[in-house]
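One structure below.
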Amino acid sequence: MDYDFDFIKATVQKFQKGKRYSHTLGVAKEAYELGKLFLPEKAKKLYLCGLLHDITKDFKTDKQLLLCKEYGILFDENNVIPKLLHSKTGCEYAKRLFGEEIVDNEIYNAIFYHTTARANMSLFEAIVYLADYIEEGRTFEDCVKLRNYFYENIKNSNSYEEKLGVFIKTMVLSFDYTIKNLIEEEKQIDYDTVCARNYFLTCKTI
Ligand code: DGI
Ligand code: FE
Ligand code: FE
């Protein structure tokens, strides 16, 4: 499918200012690059998903919660993790905005799980998750470390299998960083984040 990227970018830009939009372009580019390495037939679709992944990120928590109600997204009202809401609302918001031909199930799920990841996730979903973590505009120390770890090890791998092994190890490391930070900050760890780490720790391929 040919996407009208100019139209999609102009629309996304209405929801995002400055740094956020730069991050969006960075994720799209990174997802495209990872796509070329691991899923070349879907590289353009990964670019699209990068553009859409944070569409509702700048909405206030109240608006996120209202959207969850409107969309029938279930969550424990006494146990809200505000940082996760934009991934749960973003997929549905993007689908209503651009239509289900553009936001199909693959893109929908990749947006839904782009913050936490999940056990048994597809390679497409995992690429969007990792691209969000290591896009070149991220300056947070752990993101820089993860980006360097990934590309240093990719440089030294020859086969597709070896590269996939590096990808899987990088996923595990990302959860280690995230979970360590959440513990230090005394924040809740989402169940999907824990299950995703356990999954990538033992999976041989994806
Ligand atoms: O939206 P972005 O900032 O581009 O990136 P993101 O959607 O990956 O969100 C990152 C934030 O989400 C970061 O502050 C850590 C937080 N996060 C990720 N997994 C969990 C989490 N926060 C909590 N409380 N629990 C999680 O499991
Ligand atoms: Fe996000
Ligand atoms: Fe993001």
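Scanning region 135-147 for residues that are closer than 18 Å to Gly35 by Cα and not basic (Lys, Arg) gives Glu135, Glu136, Leu146. Filtered by the rule that a residue be loosely packed, with under 14 Cβ neighbours inside 10 Å and in contact with a Phe, Trp or Tyr (Cβ under 8 Å, 6 or more places away or on another chain), region 6-64 gives a lone residue, Asp58.
Residue check: is Glu141 touching a residue at least 24 places away in the same chain (Cβ under 8 Å) and more than 10 Å from the chain's Cα centre (by Cα)? So Glu141 fails the test. Taking the conditions (1) open to solvent by 30 Å² or more (accessible area, probe 1.4 Å); (2) touching a Phe, Trp or Tyr at 6+ places or on another chain (Cβ under 6 Å) in turn, Asp142 satisfies each one other than (1). It is to be established whether one or more residues within region 99-114 are open to solvent by 10 Å² or more (accessible area, probe 1.4 Å), in contact (Cβ under 8 Å) with a residue 40 or more places away in the chain and within 18 Å of Thr11 (Cα to Cα). Yes, that holds for at least one residue. Is it the case that Ile81 is open to solvent by 10 Å² or more (accessible area, probe 1.4 Å) and away from ligand 1 (no atom under 14 Å from the Cβ)? Here the answer is no, as Ile81 does not meet what is asked.
Of the listed requirements (1) away from ligand 2 (no atom under 16 Å from the Cβ); (2) open to solvent by 60 Å² or more (accessible area, probe 1.4 Å), Gly72 misses just one: (2).
Put simply, of Lys204, Lys163, Lys169 the only residue that is open to solvent by 90 Å² or more (accessible area, probe 1.4 Å), under 23 Å from Ala110 (Cβ atoms) and assigned to a helix (DSSP H, G or I) is Lys169. The residues on offer are Tyr108, Tyr113, and the sole one that is within 15 Å of the chain's Cα centre (by Cα), at pLDDT 95 or above, closer than 28 Å to Tyr199 by Cα and within 12 Å of ligand 1 (Cβ to nearest atom) is Tyr113. Taking each residue of region 18-36 that is within 14 Å of Ile8 (Cβ to Cβ) and looking for partners that are buried (at least 19 other Cβ atoms within 10 Å of the Cβ) and at pLDDT below 95 with beta-carbon atoms closer than 8 Å, six or more apart or interchain, yields nothing. Would you say Leu130 is surrounded by 20 or more Cβ atoms within 10 Å (Cβ to Cβ), among the hydrophobic types (A, V, I, L, M, F, W, C), closer than 26 Å to Leu48 by Cβ and without any contact (Cβ under 8 Å) to a residue 60 or more places away in the chain? Answer is no for this residue.
The values are calculated or read from the model by the stated rules, or taken from the named source; none is laboratory data. Everything quoted here is computed from the prediction, not taken from an experiment. Glycine gets a Cβ as well: all are built from the backbone with ideal geometry, and neighbour counts include every protein chain shown. Accessible surface is based on the protein model in full, side chains and every heavy atom, while ligands, DNA and RNA are left aside. Shrake-Rupley method; radii C 1.70, N 1.55, O 1.52, S 1.80 Å.
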